[in-house]
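One structure is given here, and the rest of the page talks about it.
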Amino acid sequence: MRPTSASWLLAALMLAVLCAPAQAALTLCNRTSYILYAATSAIQSPRSDAQGWTRIAPGDCQLARKEPLTAETYLVHARSSLAHSGPARAWGGSYPVCVKDGNFSSRQGVTQPYCTAEDTFALPFAPLDNRGRSVWTMNFDEQPALGSLSAAQLAGVKRLLADNGYKVGGINGQPDRATGAALTDFRNRMHFAPNAGNVELFEALEREARKNNAPAGYTVCNESGDTLLVALAQEAGGKSVSRGWWTVPRGACAKTITTPLADDAVWLLAQKKSGGTLVGGPQRFCTAAAAFEIAGAGNCSARHFTEAGFARTDTRDKQGFVAHIGAAGLKH
């Protein structure tokens, strides 16, 4: 009998688990239905060493740290991919650690009260109980628990298919006909090679879902190939305010507004860090050379600010918006 899409998925997972690296010092396993991006921090007083982001597909395990776990304390944080519809999910605790939106490796003082490095911000990490062992594997779980990597993988496929607009069964580890039909249709639409496996499947599901889903707030994704400096402007009640700068590395996304949107438009300015404006427009607002928040759009030079043109992005009736910036500017 020909194997179903679900049984093919589970068989591929078994092979992936058997091939997992044996020498990993800290391995993170994803037993949730979300694609996760994880960061870790090693504390050895008076300094801590943080690094991220490790992408972990549902049902997969990834090496997060190669070195033996000999530091005093380890911390971990994970957040769900922007590809998922609905509110963002996070796995963490109460220990603030400075991170960046793009891949990073940074050091800071253990007692440092706030983030001082450019384009860093704090996220709450949770302590990792590795029981003093130099090699450890940790699982991320959700509630209700999926219980196994194979169940998480199938649930993850279901969630991402739903994020792509398909009708599937419940988000769980049980196969069903609707999911099988949706998976077959997606694979045909993507023109996968006959030997394409889970890596290609999850990458395509995430990529396509990110085109359609906008998490609450305003997110800027840099697909230009250059590091970008980003500023925003908003108008409400006849008053305007402009803010900047967010540094968005190539291939990364930055959450510039974290609350649901309530305005008809947000204006966007993006400049290459190496020089030159990539996204701009006719609407003029004030900017400054360093980080800024400026009320009002008039008399910029008289107030010792610089005037710049911003591009309008339509956010009418939208709680979330993702601005994709490519090599030619803002993608529509």
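The values are calculated or read from the model by the stated rules, or taken from the named source; none is laboratory data. The structure displayed is predicted, hence computed values, not measured ones. Quick reminder, even Gly has a Cβ in these numbers, built from the backbone with ideal geometry, and neighbours come from all protein chains shown.
Listed by first and then second residue, the pairs with beta-carbon distance under 8 Å, at least 6 apart or on different chains, first residue in the stretch 118-135 and outside any strand (DSSP E or B), second surrounded by fewer than 13 Cβ atoms within 10 Å (Cβ to Cβ), are S134/P68; S134/T70; V135/P68. Only a single criterion out of (1) surrounded by 14 or more Cβ atoms within 10 Å (Cβ to Cβ); (2) within 30 Å of A88 (Cα to Cα); (3) not basic (K, R) is not satisfied by E293, namely (1). Of all the residues in the stretch 19-49, those that are small (G, A, S), farther than 17 Å from G132 by Cβ and modelled with pLDDT of 95 or more number 4. S274 meets the conditions (1) over 20 Å from N103 (Cα atoms); (2) more than 23 Å from the chain's Cα centre (by Cα) in every case but one. The failed one is (1).
Scanning the stretch 182-225 for residues that are without any contact (Cβ under 8 Å) to a residue 60 or more places away in the chain, over 21 Å from R159 (Cα atoms) and surrounded by 14 or more Cβ atoms within 10 Å (Cβ to Cβ) yields nothing. One residue stands out among those in the stretch 87-121 that are at pLDDT below 85 and small (G, A, S): the one that is nearest to L261 (Cα to Cα), which is A88. Out of S240, S301, one residue alone is of a type in the set (G, A, S) and either in contact (Cβ under 8 Å) with a residue 24 or more places away in the chain or on the phi > 0 side of the Ramachandran plot (or both). It is S240. All conditions in (1) part of a loop (DSSP other than H, G, I, E, B); (2) under 30 Å from Y74 (Cβ atoms); (3) among the aliphatic types (A, V, I, L, M) hold for I171, with the sole exception of (2).
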